[in-house]
Each structure stands twice: as structure tokens, then as C-alpha cells.
Amino acid sequence: MKFGFFESEGLKLRYFEVGEGEPLILIHGLGESLEGWSYQYDEFSKYFRVISLDLRGFGMSDVPESISIEDFAEDVKNLTDELGIESANLLGLSMGGAVCMAFFKKYPEKVRSLILANTLYKLPEEAKPLFEERLKLVEKADMGEIASFIANISIHQERADLKDFVQTVLRKNDKEFYKKVTIELSKINFEDVLPKINVPTLILVAEYDVTTPPAIGKEMAMLIPNSEIKMVKNSAHLAKIENPEEFNKYVIEFLMGSD
């Protein structure tokens, strides 16, 4: 088990590594950090070499002036170079799923399998009004208020401990950078990439997810050849911490079966 730092395009980024075996890289969502995978490390590291990072601008990594989803994909590429990893299984949640798609688009030879959790490949028309409301909140509110809002819509169960955990992570964000990434996420469109994905792919959706509803995951499953989809019950957008038992079970079963 170790924490370390590496350089990505002149920025100093933090990473964490635990376990042995096939590499499994965990890519966090908007406003998160590698601590967001705290409910996964123990279980995943029983079977895999688990690696996570703070993407540029998040956690303890340097904050750049400008950003794109493709920049985050370069962070993942530079981490694999730093650790001498030729190819890896990638698990991305929410924004992290979009980073996985951007990474596959540019470096398909470095991907063994994909797990796309609670994510989207483009912003659907019906979601644009909700996105505009969220952007208005980001513009006028401070990170404490934003963190409270996100925690409430991302956790379905009445779990104050989980909502506090989410808020603690989100409150630490640089607000201007958070806003820039929110805008970048609204521009993504990987519709042309999905049919080209030729590695084993698992799509995870959550029963009560209003941020990336299960219908989006079902669309992705139709577009990605030979992909499979699983629903995590009794959870919302942050299913990985709200129902980690089921979330982790689906991931491990998929990876052990796709060797």
C-alpha cells in the first residue's frame, strides 16, 4: 500500500496503490478524490493491483488554468507510464466514466476492460434543463452549499454518515475549477466511440440515480457491442458508497469472468 505523486503535463498529481495482480485503475467523479473509493479498496485489493488517482484539479493534485475531459485521460495515461503498466482494467464513475471513454478513444490498446458506472456518454436533451439549474447553483452558491445539494441528490438512503462523507470531500474543491469541469461535461459526446469498444464492458446503473438515470446506461448497453449491464439496488448516483456490497460484487464477478 502506498501513496505517491507523479507528473502529468507539468502538474503534480497524487495516486494510491494497493494489492497485487491485474491492474485495476479507479477514476473518480466530479469533485471527488481518491478517498471516494474508500469503500472499494479492501475488497478489490484481494484480487487486483488497485490504483487510483486525484485527477488534475481535484484532491491533492495541482489545479490547472484550463481543462478538458481529454486532459483527464492524459492523466491516466501518464500514470500508467509512471507505473510501467502496459494495459489495465478501467473503472470510472460518473465523470470518471467519461474519462474512460476518452481514454479508450485515444489509447484503445491500453484497455483490458471497461466498467462504466453511473455515467453518461452525452448530455441528453431531456437532461439539459436540470443541467442548467445545476450550473446556476454552481455560479451563485459556495462549495459548502453545492456539496450539500450534491450529497442530497446522490444518496437515496437516509444516511447522514454518507452525506457527511460526500460533503467533506466536495467542500474542498476549487469552485472556479469545479465550474469549468461542469461546463466541459455538458459538451461530451462519445456516441461514435461506443460502437467501437471491443473490450469486455460492464455498465453499472443505480435504481434511484437522478443524475445519470438507468435509461442512459441502457442506451450505452445497446451501443457497446457485447456489453452487459447491472443495476445496483437501493442507491442513487453514488452507488459505490451507498451499496458497496452489491457494487463491488458486480465489479469483481465481471473482472474475474473477463480474464
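If you rank K249, K122 by fewest surrounding Cβ atoms within 10 Å, what's the result? Present the calculation step by step, with values, prior to reporting the outcome.
Working: K249 14, K122 17.
Ascending Cβ contact count within 10 Å gives the list K249, K122.
With +1 assigned to the C-beta of every Lys and Arg and -1 to the C-beta of every Asp and Glu, and no other charges, what is the dipole magnitude of the stretch 70-154 about the Cα centre in debye, to the nearest 20?
Roughly 280 debye, rounded to the nearest 20.
List the relative contact order of the chain as a percent without decimals, with contacts defined as Cα pairs under 8 Å and 6+ residues apart. The partial results should precede the final answer.
Working: 517 pairs, mean separation 48.2, N = 259.
Dividing the mean separation by the residue count of the chain yields 19 percent.
Take the chain, connect every pair of alpha-carbon atoms lying under 10 Å apart with a spring to form a Gaussian network, then pick out the residue of E125, E246, E109 with the largest mean-square fluctuation.
E125
Pulled fully out, how much extra length does the chain show between K136 and N234, if you take 0.36 nm times their separation in residues and subtract their Cα-Cα distance?
Length difference between fully extended and current span is 32.4 nm.
Multiplying the sequence separation of N152 and T168 by 0.36 nm and subtracting their Cα-Cα distance, what value in nm do you get?
This chain segment gains 4.5 nm when fully extended.
Can you sort F177, F48, F72 from fewest to most other Cβ atoms within 10 Å of each residue's own Cβ?
F177, F48, F72
Once the dipole of the stretch 140-256 is set up with Lys and Arg at +1 and Asp and Glu at -1 on Cβ about the Cα centre, which of I203, I241, G144 lies farthest towards its positive end?
Looking along the dipole axis, the top candidate is G144.
Beyond 22 Å, what percent of the Cα pairs of the stretch 1-105 remain?
When all Cα pairs of the stretch 1-105 are counted, 19 percent exceed 22 Å.
Assigning unit charges at the beta carbon (Lys, Arg +1; Asp, Glu -1) and nothing else, what dipole magnitude in debye, to the nearest 20, does the stretch 105-259 show about its Cα centre?
So the dipole magnitude of the stretch 105-259 works out to roughly 440 debye.
Using 0.36 nm per residue of separation minus the Cα-Cα distance, give me the extension gain between D192 and S68 in nm, one decimal.
Length gained between D192 and S68: 42.8 nm.
What is the magnitude of the charge dipole of the stretch 193-259 about its Cα centre, with +1 placed on the Cβ of each Lys and Arg, -1 on the Cβ of each Asp and Glu, and no other charges, expressed in debye to the nearest 20?
Values: 6 positive and 9 negative charges, 34 e Å.
So the magnitude is around 160 debye.
Springs between alpha-carbon pairs under 10 angstrom, Gaussian network model over the chain: which of L26, L185, L114 fluctuates most?
Residue with maximal mean-square fluctuation among L26, L185, L114: L185.
Cα gyration tensor of the stretch 119-259, axes a ≥ b ≥ c as square roots of the eigenvalues: rounded (a/c below 1.5), prolate (a/b > b/c) or oblate?
It is oblate, given that a/c is not under 1.5 and a/b is not larger than b/c.
Provide, in order from the shortest bin, the percent of all Cα-Cα pairs of the stretch 64-171 in each 10 Å bin, continuing until the bin that contains the maximum pair distance.
13, 32, 35, 19, 1
Given an 8 Å cut-off on Cα distances and at least 6 residues of separation, report the relative contact order of the stretch 1-122 as a percent.
Working: 254 pairs, mean separation 31.5, N = 122.
Relative contact order for the stretch 1-122 comes out at 26 percent.
Treating only the Cα positions of the chain as identical point scatterers, give the base-10 log of I(q)/I(0) from the Debye formula at each q in 0.12 Å⁻¹.
At q = 0.12 Å⁻¹ the computed log10 ratios are -0.64.
Can you sort V63, V181, V232 so the residue with the fewest Cβ neighbours within 10 Å comes first?
Sorted ascending by nearby Cβ count, the order is V63, V181, V232.
For every helix of n ≥ 4 consecutive DSSP H residues, a contribution of -39,500 (n - 2.57) applies; sum these over the chain, divide by its total residues, and give [θ] at 222 nm rounded to the nearest 500 deg cm²/dmol. Display every interim value, and only then the final one.
On the way: 10 runs with 108 residues, N = 259.
After summing the helix terms and dividing by residue count, I get -12500 deg cm²/dmol.
GNM, the chain, Cα, under 10 Å: largest mean-square fluctuation among S154, S87, S66?
S66
In whole percent, what relative contact order does the stretch 110-200 give with Cα contacts below 8 Å and a gap of six or more residues?
Details: 55 pairs, mean separation 43.4, N = 91.
The normalised contact order for the stretch 110-200 reaches 48 percent.
A short reminder: the numbers here are calculations on the coordinates, not readings from a lab. Because the structure is a prediction, the values reported are computed rather than measured. Note that we place each Cβ from the backbone using ideal geometry, even for glycine, and neighbour counts take in every protein chain shown.
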